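Taking it in order: structure first as structure tokens, then the write-up.
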Amino acid sequence: MESRVAVVGIIVEKPESAEKVNAVLHSYGSYIIGRMGIPYREKGISIISIAMDAPQDEISALSGKLGRIDGVSVKAAFAKNF
């Protein structure tokens, strides 16, 4: 299956959801190019961006699993030519 480059943006609004988010991300670790996490303490949220190189189905599956976690919002943006 063809690989795609994407950025997945994640907002964690409930700190108790962070462990589940990390478990899902760990299971997709072979596809993750890089990760940046920013705790926004003033708002009580965490912002995470994930750069990935994976089949589109895998990126969509990751986004879906994360989106089903309570207190988590997620969106994926795909590169057009990679």
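The values are calculated or read from the model by the stated rules, or taken from the named source; none is laboratory data. A quick note: this is a predicted structure, and the numbers were derived from the prediction, not measured. Every residue, glycine as well, gets a Cβ built from its backbone with ideal geometry; the counts of neighbours run over all protein chains shown.
Condition (residue is of a type in the set (D, E, K, R), crowded, with 16+ Cβ neighbours inside 10 Å and at pLDDT 95 or above) applied to segment 27-45: is it met by at least one residue?
no
Select from segment 53-82 the residues that are among the acidic types (Asp, Glu), over 15 Å from Ser27 (Cβ atoms) and outside any loop (DSSP other than H, G, I, E, B) and list them in ascending order.
Asp53
Inspect segment 67-75 for any residue being charged (D, E, K, R) and surrounded by 14 or more Cβ atoms within 10 Å (Cβ to Cβ) and give the result as yes or no.
No, because not a single residue in segment 67-75 is charged (D, E, K, R) and surrounded by 14 or more Cβ atoms within 10 Å (Cβ to Cβ).
Among the residues that make up segment 42-52, is at least one of them closer than 12 Å to Arg4 by Cα and either part of a helix (DSSP H, G or I) or free of Cβ contacts under 8 Å to residues at least 60 places away in the same chain (or both)?
Yes, some residue in segment 42-52 is closer than 12 Å to Arg4 by Cα and either part of a helix (DSSP H, G or I) or free of Cβ contacts under 8 Å to residues at least 60 places away in the same chain (or both).
Starting from residues that are of a type outside the set (Val, Ile, Thr) and under 12 Å from the mean Cα position of the chain (by Cα), keep the ones in segment 1-19 and report whichever is surrounded by the most Cβ atoms within 10 Å (Cβ to Cβ).
Top of the filtered list is Ala6.
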